[in-house]
Amino acid sequence: MPDLSIPLTDQWPDIRAGVGRICERFDNDYWNRLDRASEYPQEFVDALTEAGYLAALIPEQYGGAGLPVAAGGAILETIHATGCNAAACHAQMYTMGTLLKHGSPEQKQRYLPAIASGALRLQAFGVTEPTTGSDTTQLKTRAVRRGDHYLVNGQKVFISRAEQSDLMLLLARTTPADQVKRRSDGISVFLVDLRQAVGNGLEIRKLDAAINHSTNEIFIENLKIPVESLIGEEGKGFRYILDGMNAERILIAHESLGDARYFIRRATEYANQRVVFGRPIGQNQGIQFPIARAHAETEAAALLVAKAAALFDAGQACGAEANMAKLLAADAAWRAAETAMQTFGGYAFAREYGIERKWRECRLYQTAPISTNMILAYVGQHVLGMPRSY
Ligand SMILES: Cc1cc2nc3c(=O)[nH]c(=O)nc-3n(C[C@H](O)[C@H](O)[C@H](O)COP(=O)(O)OP(=O)(O)OC[C@H]3O[C@@H](n4cnc5c(N)ncnc54)[C@H](O)[C@@H]3O)c2cc1C
């Protein structure tokens, strides 16, 4: 029987301490400077790569640390709890999961050790398209087999870190939607070598976004990719990526927990120290109670995140828990962010306080990698058995 116990205290103290020491070197000024210039936090990513943290989930036989998803969560949570942002590189930790689970022995041997060392960056995942959005199975990008290669045409949007990736997982339709039984059939997943593809049928254009997230539009016109780029069997790609999506949801839920804890700590400190009307503002219930509520909500979300991680690490089905954990943690972070904004009053808007940047950043997790409504639709239909709403 696998271990399904849920830790009631923070696990992986050594990892948290090690990551915390790295984060101390990247203060609010560093992140604000990059935010203004819309630049990639290369030094921060290099520091995490050199320390091996981004290879935490890659098995030891391929040069990684072989740790469970809960340990990866501890890394990302710590980064966010200190006021840093892991979004520039978190996908290097988990995008390889599809390759690890469904790639051929040759593909794994060829790529995983280099991904583990950081020599190859696999941190872009091309799913979303401008005309189909959340309706993933209707995606229009087509890959047509022509002898020893596939010819790919299509367009993607909001593809993060493509400019800072050597490899990208690409989801494309290999059998037209009107020729398959289930709409999730006929979609395949490819490992595209961006170093060869850019300028040869694939163009990356940076998208100007409200947060510094290195997200892009991708235009694909008559791109040739070798048949060896296909992961697993043709037409089964949608199912392959679902596993990886559970890992992503659990890890992003940890980031949201980190964000929530950052806001609660900062708001509590400020509420204790800021004196107006002759008393600390934290003495007013209108300031104190929202912070206390945010704390309670964060602790509750943390329990479900731990449950989802325990199920994932035990190899059990965890779709419901991973989705609900991501929903509750993102909600807890957003309410903590709003509470911190209100607690800091006018100073919340002063960039040097490090509140408004994190407030903008944590709002993303209501929308990506899956939006709140899509999670509620999943829970309504698949967990509770109500009719499909779309
Ligand atoms: C900064 C950023 C980074 C991203 N990074 C990536 C990435 O690296 N790779 C990638 O593939 N994608 C990425 N995305 C895309 C993201 O995962 C979302 O899936 C995507 O934005 C949703 O598509 P859309 O914006 O077209 O929304 P739409 O599908 O147009 O939806 C708009 C709104 O309507 C709601 N809605 C739509 N249909 C229904 C329905 N049937 N029932 C209830 N509500 C519904 C949605 O929940 C949403 O709130 C990123 C997005 C952002 C903003």
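The values are calculated or read from the model by the stated rules, or taken from the named source; none is laboratory data. These numbers were taken from a predicted model, which means no experiment stands behind them. Glycine also receives a Cβ, built like all others from the backbone with ideal geometry; neighbour counts cover every protein chain displayed.
Identify, from the list Ser5, Ser38, the residue that is within 30 Å of Ala350 (Cβ to Cβ), out of contact with any Gly (no Cβ under 9 Å at 6 or more places or on another chain) and either of a type outside the set (A, V, I, L, M, F, W, C) or modelled with pLDDT under 95 (or both). Please lay out each step first, then the result.
On the way: Ser5 fails: within 30 Å of Ala350 (Cβ to Cβ).
Just one listed residue meets the conditions, Ser38.
Of Thr128, Thr98, Thr137, all but one fail to be modelled with pLDDT of 95 or more and outside any helix (DSSP H, G or I); the exception is Thr128. Kindly indicate whether Asp185 is outside the structural domain of Thr98 (by TED's automatic domain parsing), more than 15 Å from the ligand (Cβ to nearest atom) and under 15 Å from the mean Cα position of the chain (by Cα). No, not satisfied. Within the stretch 22-51, the residues that satisfy the criterion of being part of a helix (DSSP H, G or I) and either among the hydroxyl-bearing types (Ser, Thr, Tyr) or at positive phi (or both) are Tyr30, Thr49. Do we have Gly186 as farther than 26 Å from Leu242 by Cα and either buried (at least 22 other Cβ atoms within 10 Å of the Cβ) or at pLDDT 95 or above (or both) here? Judged against the criteria, Gly186 is not a match. Take the conditions (1) part of a loop (DSSP other than H, G, I, E, B); (2) at pLDDT 95 or above; Val19 misses just one of them, which is (1).
None of Leu170, Leu151 is under 30 Å from Ala317 (Cα atoms) and touching a strand residue (DSSP E or B) at 6+ places or on another chain (Cβ under 6 Å) except Leu170.
Would you check which residues across the stretch 112-125 are out of contact with any helix residue (DSSP H, G or I) (no Cβ under 6 Å at 6 or more places or on another chain) and either within 12 Å of the ligand (Cβ to nearest atom) or in contact (Cβ under 8 Å) with a residue 60 or more places away in the chain (or both) and list them? Of everything in the stretch 112-125, those that are out of contact with any helix residue (DSSP H, G or I) (no Cβ under 6 Å at 6 or more places or on another chain) and either within 12 Å of the ligand (Cβ to nearest atom) or in contact (Cβ under 8 Å) with a residue 60 or more places away in the chain (or both) turn out to be Ser117, Phe125.
Of all the criteria given as (1) part of a helix (DSSP H, G or I); (2) under 15 Å from the mean Cα position of the chain (by Cα); (3) of a type in the set (A, V, I, L, M), the one not satisfied by Ala260 is (2). The set of residues in the stretch 1-24 being within 16 Å of Gly258 (Cβ to Cβ) and of a type in the set (A, V, I, L, M, F, W, C) consists of Trp12, Ile15, Ala17, Val19, Ile22, Cys23. Which of the residues belonging to the stretch 158-182 are of a type in the set (D, E, K, R) and away from the ligand (no atom under 15 Å from the Cβ)? Selection gives Asp166, Asp178, Lys181, Arg182.
Which of the following residues is touching a residue at least 40 places away in the same chain (Cβ under 8 Å), within 12 Å of the ligand (Cβ to nearest atom) and within 24 Å of the chain's Cα centre (by Cα): Thr132, Thr136, Thr128?
Values: Thr132 fails: touching a residue at least 40 places away in the same chain (Cβ under 8 Å); Thr128 fails: touching a residue at least 40 places away in the same chain (Cβ under 8 Å).
The conditions single out Thr136.
Here is the figure for the stretch 338-381: residues that are within 14 Å of the ligand (Cβ to nearest atom) and part of a helix (DSSP H, G or I) total 17.
The residues of the stretch 30-39 that are in contact (Cβ under 8 Å) with a residue 60 or more places away in the chain and out of contact with any Asp or Glu (no Cβ under 8 Å at 6 or more places or on another chain), listed by number, are Trp31, Leu34, Asp35, Glu39.
Answer yes if at least one residue in the stretch 146-157 is within 11 Å of the ligand (Cβ to nearest atom) and either modelled with pLDDT of 95 or more or buried (at least 21 other Cβ atoms within 10 Å of the Cβ) (or both), and no otherwise. Write out each step before concluding.
Start the filter on the stretch 146-157 by keeping residues that are within 11 Å of the ligand (Cβ to nearest atom), which leaves 156-157.
Filter again for either modelled with pLDDT of 95 or more or buried (at least 21 other Cβ atoms within 10 Å of the Cβ) (or both), leaving 156-157.
Checked against the condition, which is being within 11 Å of the ligand (Cβ to nearest atom) and either modelled with pLDDT of 95 or more or buried (at least 21 other Cβ atoms within 10 Å of the Cβ) (or both), the stretch 146-157 yields at least one hit.
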